[in-house]
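What follows is a set of notes on a single structure, which appears directly below.
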Amino acid sequence: MRSPIPAYLEEVLNDTVDGGEVASYIPELARANPDRLSAALCMADGTIYGAGEVETRFSIQSISKPFVYALALQENGVQAVMERIGVEPSGETFNSASLDPKTQRPDNPMVNIGAIATHALVMPDGTCAERSEAVRRGLSAFAGRQLQIDQAVYSSEISTAFRNHSLAYLVRSVDGFEQDPREIVEGYTRQCSLLVDVRDLAVMAMTLANSGVNPVTKERVVHADVAQQVLSVLTTCGMYDATGDWMTQVGIPAKSGVGGGVIGALPGQVGAAVFSPRLDDVGNSVRGVQAFERFSKDMGMHLLKAPPLSKDVVRTATMRSTALGPVHAVELQGPLRFSSAERVMRRLEQVPHDNYGVALDLTRVSSADEVSRRMLLEAMRSLRNEGHRIYLVDPKGSVPDRDLGDGSLPLQAASLDTLDTPRNH
Ligand SMILES: NC(=O)CC[C@H](N)C(=O)O
């Protein structure tokens, strides 16, 4: 069988209708071929699907911002970065010269003024060249490939970067960073000139969606908390002034760049990227936005689409007999998280005070998050304190730490049929 996904991506690209204009305030971008078009998806296991001109490279521009924000968070901690740069949507254009009137911080790291302040937080004590190299290396780790700077784009942008210089001086004037503003703009402009293709961007997006682990190289690039912080900011500030429309229509944490790229990172599921250079009036790729609207609708990718309810988590609840007496056996299935574990708690509340055994069978549980594991251990301890013998059937190790909270462990059995011969732990 051939996967339908590449053909689907082609179809979506072909259905988009171009409009808008290429960015012209950076002279080199004005020369780009406006008809280029490509898309890619990267899955959690590193599988990549592409369509269109996937080999075409373009400058990353503002799509670098979330990744440099991630590097700054990783290096300085969330608290220290938050003291310098806020996380509120600005309601202004991407290059607006505004600071929060009360805190004097840039509103968020996705508008230029905030991204310039963010760049200064990577290797703050290093030289301009060292900082640029740290950013290049960091973004390369997100992409799983050594990225290089497009010198022509860099030279072109830096020679006309009057606006970004004014933003850097503004942040510097309120002690938003300590370095020379010219060096920070130089480094920030290099960061924006890194060359990527859509597959690189899809891998980078999936690294954020995969709690900070690159799905292809398997390298942990940033902590899970950092990835979550970045996705949160993308959700509220990623698409500039169109973020509200984007969240309702598409519902995927996303970022666009004036080079024509757009990325979307759907936590735990997929990293997506589209490239098409013509931009709408807020600076987002026209065909990129349309393609993402289709992805979201066709593939059910809206972040706030409610997942199926966990009502079938208790597969069976039966009585078993063993040499030591009867056992209430409860067989669970599916993913365990707070809402499904709550169902299990309610079922276990019905176990009578009869001193019979209680067995929990997790053989068919597909995953158990931390809160659900704690709830199961708590329930087992409570049942044990009521006088029940506790058995745990967990051949896949869904609950690896089985300490009931007081150093004691439940009895282990290979299956419900072998409760008579528990393995001692
Ligand atoms: N929106 C963007 O992609 C802007 C990035 C561009 N390098 C700038 O600073 O103006």
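The values are calculated or read from the model by the stated rules, or taken from the named source; none is laboratory data. A quick note: this is a predicted structure, and the numbers were derived from the prediction, not measured. In this analysis, Cβ positions are derived from the backbone assuming ideal geometry, glycine residues included, and neighbour counts consider all displayed protein chains.
Miscellaneous remarks
- Matching entry among Asp100, Asp125 (being modelled with pLDDT of 95 or more and outside any helix (DSSP H, G or I)): Asp125
- From the options Ala117, Ala141, residue that is in the same structural domain as Leu71 (by TED's automatic domain parsing), within 16 Å of the ligand (Cβ to nearest atom) and not basic (Lys, Arg): Ala117
- Pair list, Cβ under 8 Å, 6 or more apart: segment 208-231 residue surrounded by fewer than 16 Cβ atoms within 10 Å (Cβ to Cβ), other residue among the aliphatic types (A, V, I, L, M): Glu219/Ala141; Glu219/Val213; Arg220/Val213; Asp225/Val78
- Qualifying residue in segment 105-112 (condition: over 25 Å from Ile26 (Cβ atoms), more than 12 Å from the ligand (Cβ to nearest atom) and assigned to a helix (DSSP H, G or I)): no
- Condition check for Lys305 on (1) surrounded by fewer than 23 Cβ atoms within 10 Å (Cβ to Cβ); (2) in contact with a strand residue (DSSP E or B) (Cβ under 9 Å, 6 or more places away or on another chain): one failure, at (2).
- Count of residues meeting criterion [surrounded by fewer than 21 Cβ atoms within 10 Å (Cβ to Cβ) and farther than 22 Å from Ile26 by Cα] in segment 168-200: 8
- Selection status of Phe94, farther than 24 Å from Ser211 by Cβ and aromatic (Phe, Trp, Tyr): yes
- Residue within segment 363-385 that is touching a His at 6+ places or on another chain (Cβ under 6 Å) and either assigned to a strand (DSSP E or B) or within 22 Å of Thr418 (Cα to Cα) (or both) present: no
- Filter result (closer than 24 Å to Gln148 by Cα, away from the ligand (no atom under 12 Å from the Cβ) and free of Cβ contacts under 8 Å to residues at least 40 places away in the same chain) within segment 166-196: Pro181, Arg182
- Which listed residue, of Ala44, Ala40, is crowded, with 20+ Cβ neighbours inside 10 Å, under 28 Å from Thr217 (Cβ atoms) and among the aliphatic types (A, V, I, L, M): Ala40
- Residue among Glu28, Glu21 that is charged (D, E, K, R), within 16 Å of the ligand (Cβ to nearest atom) and surrounded by 18 or more Cβ atoms within 10 Å (Cβ to Cβ): Glu28
- Output for segment 258-300, where each listed residue is small (Gly, Ala, Ser), surrounded by 24 or more Cβ atoms within 10 Å (Cβ to Cβ) and within 13 Å of the ligand (Cβ to nearest atom): Gly259, Gly260, Gly261, Ser285, Gly288
- Condition met for Ala115 (of a type outside the set (Asp, Glu) and touching a Ser or Thr at 6+ places or on another chain (Cβ under 8 Å)): yes
- Extreme residue, modelled with the highest pLDDT, among residues of segment 309-345 that are out of contact with any strand residue (DSSP E or B) (no Cβ under 9 Å at 6 or more places or on another chain) and outside any helix (DSSP H, G or I): Ala323
- Any chance Glu92 is away from the ligand (no atom under 16 Å from the Cβ) and over 14 Å from Lys65 (Cα atoms): no
- Within segment 351-383, being within 26 Å of the chain's Cα centre (by Cα) and closer than 18 Å to Gly405 by Cβ holds for Ala368, Glu370, Val371, Ser372, Arg373, Arg374.
- Taken over segment 9-30, the residue count meeting the criterion of being assigned to a loop (DSSP other than H, G, I, E, B) and over 13 Å from Glu157 (Cβ atoms) is 6.
- Candidates are the residues of segment 221-257 that are among the aliphatic types (A, V, I, L, M), within 16 Å of the ligand (Cβ to nearest atom) and at pLDDT below 95; the one that is nearest to Tyr49 (Cα to Cα) is Met239.
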